[in-house]
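Take a look at the structure set out below.
The values are calculated or read from the model by the stated rules, or taken from the named source; none is laboratory data. Note that the structure is a prediction, hence the values are computed from the model and not measured. In this analysis, Cβ positions are derived from the backbone assuming ideal geometry, glycine residues included, and neighbour counts consider all displayed protein chains.
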């Protein structure tokens, strides 16, 4: 049983290193003037999210709107628009949802800062617990004068 | 004070539980539209019947813009509601035939009835992108100035009409004179 568990854990660890994008990319027949353009296309369609299928990026989605958006990305790259322009185009139509990595704005600040906040809270909590346990250990270990006398008496009487 | 600290984890747990419990019932499929309170995107296309249309041809009163396609089964479910609205003259409905073929669209309207003032032909889906459409059916509420005021994603049946559109239209009609 424990061996089985071990194999299962190893399997999960291996999954973590897998690249889910690599296996599911859709094949389009877009033509580019340079390989740099092609790489930009691949990067953008990997990083933008399909609004219809929701848990797939544009490059991995068979959805109609994803096809259309890939076509638009291709058009804009060939027309010489920058990545920032293309992201702006997508944001104006589909909002923050289209980005797997949301932009830093007032509305998304909570998303960005909450993990750090929770981490700090965790450290603070841990520190308080540690302080308290240290204090209680100190108190229980050190004896005051009368306790020491009593201890010595007891030890003496044993002898 | 120590008592409070003692109960703090329990309080935090219940607060989180309530928050996450509510999250279970959020409709994550319905995305907020970026076009609310923005004018209808510019377009110069043809209708399903082959006539040229631009923004000028849109109704100059409050109207619905319904994204539909002959392949779209939910569109058939909401179709009777649009037929009723058109017959009773409650509100004009403009169609956007989204990612479809003209012939199929004409057939579909012939078979099921045509509730639309006209249907904008968007075979490529390019106009849909400008609207932020991600799949038929979707329905936009546009005011008399051509500004998009509301979007409903998926089927618009009688209960959605009553609960979402009638109040939204009443607010528009109350706010601005037609």
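Just a few scattered comments:
- Looking across B:111, B:87, B:51, one residue alone is within 21 Å of residue B:161 (Cα to Cα) and more than 19 Å from the chain's Cα centre (by Cα). It is B:87.
- Qualifying residue in segment A:111-126 (condition: part of a helix (DSSP H, G or I), away from every other protein chain (no Cβ under 14 Å), in contact with a helix residue (DSSP H, G or I) (Cβ under 7 Å, 6 or more places away or on another chain) and over 30 Å from residue B:2 (Cβ atoms)): no
- Helices (runs of 4 or more DSSP H) completely within segment A:1-71 that count 3 or more residues being modelled with pLDDT of 90 or more and under 30 Å from residue B:32 (Cβ atoms): A:35-47
- Residue within segment B:89-97 that is in contact with a strand residue (DSSP E or B) (Cβ under 8 Å, 6 or more places away or on another chain) and part of a loop (DSSP other than H, G, I, E, B) present: yes
- Test: residue in segment B:98-109 that is in contact with a strand residue (DSSP E or B) (Cβ under 7 Å, 6 or more places away or on another chain), within 13 Å of another protein chain (Cβ to nearest Cβ), assigned to a strand (DSSP E or B) and crowded, with 19+ Cβ neighbours inside 10 Å: yes
- All positions within segment B:124-161 that are within 14 Å of another protein chain (Cβ to nearest Cβ), in a loop (DSSP other than H, G, I, E, B) and crowded, with 16+ Cβ neighbours inside 10 Å: B:125, B:132, B:133, B:134, B:135, B:136, B:137, B:154
- Selected residue (only one of A:45, A:61 is away from chain B (no Cβ under 14 Å) and either closer than 20 Å to residue B:127 by Cβ or buried (at least 19 other Cβ atoms within 10 Å of the Cβ) (or both)): A:45
- Criterion violated by residue B:83 - all others in (1) over 26 Å from residue B:172 (Cβ atoms); (2) without any contact (Cβ under 8 Å) to a residue 40 or more places away in the chain; (3) assigned to a helix (DSSP H, G or I) satisfied: (1)
- Matching residues, segment B:114-123, being assigned to a loop (DSSP other than H, G, I, E, B) and touching a strand residue (DSSP E or B) at 6+ places or on another chain (Cβ under 7 Å): B:115, B:116, B:117, B:118
- Residues (modelled with pLDDT of 85 or more, surrounded by 10 or more Cβ atoms within 10 Å (Cβ to Cβ) and part of a helix (DSSP H, G or I)) located in segment A:100-110: A:108, A:109
- Test: residue B:16 is within 13 Å of chain A (Cβ to nearest Cβ), over 19 Å from residue B:141 (Cβ atoms) and either surrounded by 10 or more Cβ atoms within 10 Å (Cβ to Cβ) or modelled with pLDDT of 95 or more (or both): yes
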